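The values are calculated or read from the model by the stated rules, or taken from the named source; none is laboratory data. Computed from a predicted structure; not experimentally measured. A quick note on method: Cβ atoms are made from the backbone with ideal geometry, for glycine too, and the neighbour counts reach across all protein chains shown. Just so you know, the surface numbers come from the protein's heavy atoms only, side chains and all, with ligands and any DNA or RNA stripped out. Shrake-Rupley method; radii C 1.70, N 1.55, O 1.52, S 1.80 Å.
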Amino acid sequence: MKIIAIDAADCPTVTAFTTQLKDAIQALPGHGASIPAFVDSMIWGTGVSDLVPPYTIKVTGKLDREVGRFARELSDALEAARTDRRTRKGEDIPVVLEIGRR
């Protein structure tokens with residue numbers, strides 16, 4: 001499994017975090033910055049990113065409050081989408097967003 005690190009110290013805003021995340025998943029031009037956009041590309045494979053699962057993205061360092069909230073919501077949404085995909089299609093997409101400090 002690929003491990004990709006994002007240092008939260010480099011992400012003072014949600015916009016900076018989503019830019020780092022898009023770089024990490026090798027998002028194609030036009031990839032959105034919302035939680036649903038990341039869920040679609042990371043779990044449902046809508047073809048707007050080039051990084052192929054399995055992978056874990058580890059967010060390390062001290063998180064800004066809003067960045068931390070966004071990262072936790074995205075982590076939860078990814079896990080929910082994995083469960084939904086297992087239920088609907090009988091397959092798991094091993095993609096995880098781990099947050100070092102909560």
**OP:** Specify the residue that is most open to solvent (accessible area, probe 1.4 Å); the eligible residues are those in region 59-74 that are in a loop (DSSP other than H, G, I, E, B) and not aliphatic (A, V, I, L, M).
**Re:** K62
Original post:
Among A33, A9, A5, which is the only one that is of a type in the set (G, A, S) and free of Cβ contacts under 8 Å to residues at least 40 places away in the same chain?
Top reply: A33
Subject >> Search result, residues across region 17-32 that are part of a helix (DSSP H, G or I) and either modelled with pLDDT under 95 or open to solvent by less than 30 Å² (accessible area, probe 1.4 Å) (or both) >> reply: F17, T18, L21, A24
**OP:** Taking T56 as the residue in question, decide whether it is open to solvent by less than 30 Å² (accessible area, probe 1.4 Å) and either part of a loop (DSSP other than H, G, I, E, B) or not aromatic (F, W, Y) (or both).
**Re:** yes
**OP:** Could you list all residues from region 75-102 that are among the aliphatic types (A, V, I, L, M), assigned to a helix (DSSP H, G or I) and touching a strand residue (DSSP E or B) at 6+ places or on another chain (Cβ under 6 Å)?
**Re:** L78
Subject >> Lone qualifier among I35, I43, I3 - being open to solvent by 70 Å² or more (accessible area, probe 1.4 Å), modelled with pLDDT of 95 or more, β-branched (V, I, T) and within 28 Å of E91 (Cα to Cα) >> reply: I3
